[in-house]
Every structure is written in C-alpha cells, then in structure tokens.
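Worksheet for the structure shown next.
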Amino acid sequence: MSLKTPKELIVRVILLLVGLAIAHLGVTLFLQAALGSDPFNVLIQGLFRSIPWPASLPVTHGRVHMAVSFLIILVLLVVDRSYIRIGTLLCMFLGGPIIDVYTFFLKNLLNEGSPMPLRVIMLALGCMILAFGMTIVIKSEAGTGPNDLVAVVISDKSGWKFGIVRICVDVCFAAVGFLLGGTLGLGTIICAFLVGPTAQVFLPISEQICNHFVPSPEKNGAE
C-alpha cells in the first residue's frame, strides 16, 4: 500500500477502527456466551496457566496477549516488515479495552446463565460478526491485528485460500493452547471452523466497502 495523502491515511485508519469495533463485538458475544474462547485466546490462556510466572510480576491474561502479539510483530519484522503498519499497533493496544466496553453493556444480557439456545445462536452470530469486522480491518490496508496477520501472511506467501489457512492456523492455536492447559469448548470448535470460511465470503464485500471510501489506484487512474 502506498499512501498518497494524510487524508487517505486518516480514512483508512477510521475504516480499521470501525472494523476493529465490529470484530470485537463478535468476540465479546462468543465470550459472553461462555461456551469456549476463540482459538487464539485458548493459546493465550494456556501460556498464562502453564508458564511459572514470578510472583513479583503482575501478569494477566491481557498482558500475555499483548506479549504474544508483540512477539508476532518481532517475527514479522524479520519475515516481511511491510505487513506491520499503524493499524497493527492499534489492534494490539485497543482490542482489550474495546472488549471491556462491550462486556460492560452485554454482561447482564448474555452470560453463562442465559438459555442454551440463545448462547449457541449468539456464539455463531458472534463468529460471523468477528469475520466481517476482521475483513474490514484487513481491507482497510491500514494494518491488521498481529494474530490475524499469521493467517494473512501465510495465505499471501503460499497462495492458498485465506479461509483454509485461517482454519489451519486456528486449529493450531487451539491445539497448542489446549496442550498447555487452555480450555476448549463448543465455541472454540465453532469459531475455528466458521470464522475462516465466513471471512472468505466477506473479503470481496469488505474490499468494495473500503474502496468506496478510499478508491484504489486503478480506479483513480480510470477516472
């Protein structure tokens, strides 16, 4: 991506923030459904539980999440630093607070005490909302969250379809997290096999949405 004006950067960052807000609404829905964390957070949970952190070190799930995200960024600096943009850092720092805000408003409406049919429906809906928001973030081209970049980079470098790569990456996250002590649930399984294919469907739609606000160079040339 080659940004020509500060205005274009601002528009792309706004699109990224909108996508981030949508995606984390989905994350909050399936977390509040209490049927299992998403695959990446199973990995974080496993690391948080299995590593003997020093008692003097105030480690939390959120801080482990940020540390792993930072590690992914370090790896990408070696593999291909072009994937790291301002949005990557925004995703890393804003994801947790956004979830906290949604949780505050949703905790009494959807939780482990809610009827099971409602929890399952909200779980599936949350996965689809997550997939849509994630593709807005990706197609904003302002940067992608570190955990999502794993699938994006592998898909780009290998030429394999993003949906298939996302499933494989999510399964790996969940499996490693489970072996380290993370908790798997119905939500983890549904998320692992639903988010990737749903994102594959939403990618061209999200591209059209983003191009409507920030036309591609080809479109500008045609005009």
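The values are calculated or read from the model by the stated rules, or taken from the named source; none is laboratory data. Computed from a prediction, not measured in an experiment: that's the story for all the values here. All Cβ positions, glycine included, derive from the backbone under ideal geometry; neighbour counts span all protein chains shown. Only protein heavy atoms, including side chains, enter the accessible area calculation; ligands, DNA and RNA are left aside. Shrake-Rupley method; radii C 1.70, N 1.55, O 1.52, S 1.80 Å.
Overview of results
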{"item": "Spin-label proximity, ILE86 to the stretch 111-144 - amide N less than 11 Å from point 7 Å beyond Cα toward beta carbon", "result": "142-143"}
{"item": "Rounded tilt (10° steps) of 86-106 against the dominant C-alpha axis of the chain", "result": "50 degrees"}
{"item": "Nearest-0.05 FRET efficiency for ALA34 and ASN108, computed from C-beta distance (R0 22 Å)", "result": "0.95"}
{"item": "Heavy atoms of ILE190 accessible to a 1.4 Å probe, total area in Å² rounded to 10", "result": "40 Å²"}
{"item": "Heavy-atom SASA rank of ARG119, ARG85 (probe 1.4 Å, accessible area, largest first)", "result": "ARG85, ARG119"}
{"item": "Positive-pole candidate from LEU194, ALA67, ALA23, dipole of the chain, charges at beta carbon", "result": "ALA67"}
{"item": "D_trans [Stokes-Einstein, Kirkwood Rh over alpha-carbon pairs] for the stretch 1-145, 4 °C, 1.567 mPa s, µm² s⁻¹", "result": "79 µm²/s"}
{"item": "Cut-off 12 Å between beta-carbons: net charge of the residues surrounding GLY177, Lys and Arg +1, Asp and Glu -1", "result": "-1"}
{"item": "GNM flexibility winner over the chain from VAL171, VAL78, VAL201 (Cα, springs under 10 Å)", "result": "VAL78"}
{"item": "Accessible carbon and sulfur surface of the stretch 1-136 relative to its total accessible area, %, 1.4 Å", "result": "73 percent"}
{"item": "Among HIS24, HIS65, HIS212: highest mean-square fluctuation, GNM of the chain, C-alpha pairs under 10 Å", "result": "HIS212"}
{"item": "Å² of accessible area per residue within the chain, as computed with a 1.4 Å probe and no ligands counted", "result": "52 Å²"}
{"item": "Estimated [θ] at 222 nm from DSSP helical runs (n ≥ 4, -39500 (n - 2.57)) normalised by residues in the chain, nearest 500", "result": "-26000 deg cm²/dmol"}
{"item": "Rounded accessible area of SER158 (nearest 10 Å², 1.4 Å probe)", "result": "50 Å²"}
{"item": "Additional length obtainable on full extension of the chain from VAL176 to LYS157, 0.36 nm per residue less Cα span", "result": "4.5 nm"}
{"item": "Global size of the stretch 65-152 as Cα Rg and Dmax, reported in angstrom", "result": "15.5, 48"}
{"item": "Cβ-placed point charges (K, R +1; D, E -1), dipole of the chain about Cα centre in debye, nearest 20", "result": "160 debye"}
